[in-house]
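A.B. asks: Take a look at this one; I'll ask things after.
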Amino acid sequence: MDLRAPADLRPTRRSRVHPVRPGHHRYSRFVVVMKVLLPSLAVVLLALVAVWPQLRSEEGRFRIGFADLSPDKVQALSMVNARYYGVDSRNRPFTITADSGTEVEARKGVIELEAPKADFSSRDGSGVYIEAKSGIYYEREQLLDLSGDVALYHDQGYELHTQSARIDLGKSTAEGTVPVTGNGPQGRIDGEGFRIEDSGRQVLVLGRSAATMKGAGRK
């Protein structure tokens with residue numbers, strides 16, 4: 001006699017439920033992220049390996065370019081509102097100013113000036129002021145060559161106008177060898193050149209000259 005219940009009356013087995021651990025989801029997410037990230041990193045590394053030699057060569061060329069520079073190859077150094085100061089052989093001060101100064105020969109101290117102005121004083125306190133459109137300053141020799149609408153003014157009332165002049169700042173003298181016109185306390189004077197000596201204590205008009213004296217009405 002079979003005491004077992006019919007199959008259709010037997011209680012069904014309950015499926016065993018496995019609990020899901022909290023860390024399982026994190027691990028799965030990590031695996032997914034790494035599957036995406038690792039190939040991307042591999043691509044970036046391969047690209048860097050391919051480009052790196054070119055970057056190194058560019059860096060080498062950049063450094064070589066700087067190594068080739070030398071003071072002789074620097075064409076010009078410019079200064080806005082240039083100012084130069086010094087003293088002459090008798091320790092009398094002089095000053096040069098300009099709208100701009102461009103050093104064209106650094107080792108020789110040759111400087112091109114735009115709208116230069118120079119002034120120096122004598123022992124008795126009288127001064128000479130000179131301006132022009134352009135000039136060249138020879139710093140070592142303390143020479144200043146002026147050109148273009150050169151105007152010279154003296155504290156004692158002299159005023160000269162010419163187109164070129166050379167100023168010897170070391171000796172506090174000035175001279176010109178082209179026609180000059182001027183005015184002074186005694187009248188107007190024209191000449192073929194001029195010379196100023198001893199910081200302006202002597203003003204000479206050179207060559208064939210003509211003077212118009214104030215109040216005299218004669219030349």
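The values are calculated or read from the model by the stated rules, or taken from the named source; none is laboratory data. Predicted model only: the values in this text are computed from it and were never measured. Here the Cβ is made from the backbone with ideal geometry for all residues, glycine too, and neighbour counts use every protein chain on show.
A.B. asks: Being at pLDDT 85 or above, surrounded by fewer than 19 Cβ atoms within 10 Å (Cβ to Cβ) and assigned to a strand (DSSP E or B) is the requirement here; does Ile111 meet it?
C.D. replies: no
A.B. asks: Tally time: how many residues in the range 175-188 are crowded, with 19+ Cβ neighbours inside 10 Å and at pLDDT 90 or above?
C.D. replies: 2
A.B. asks: While we're here: Quick test of your reading of the structure: Gly125 fulfils all but one of (1) among the small types (Gly, Ala, Ser); (2) at pLDDT below 85; (3) closer than 16 Å to Ala174 by Cα. Name the failing condition by number.
C.D. replies: Single failed check for Gly125: (3).
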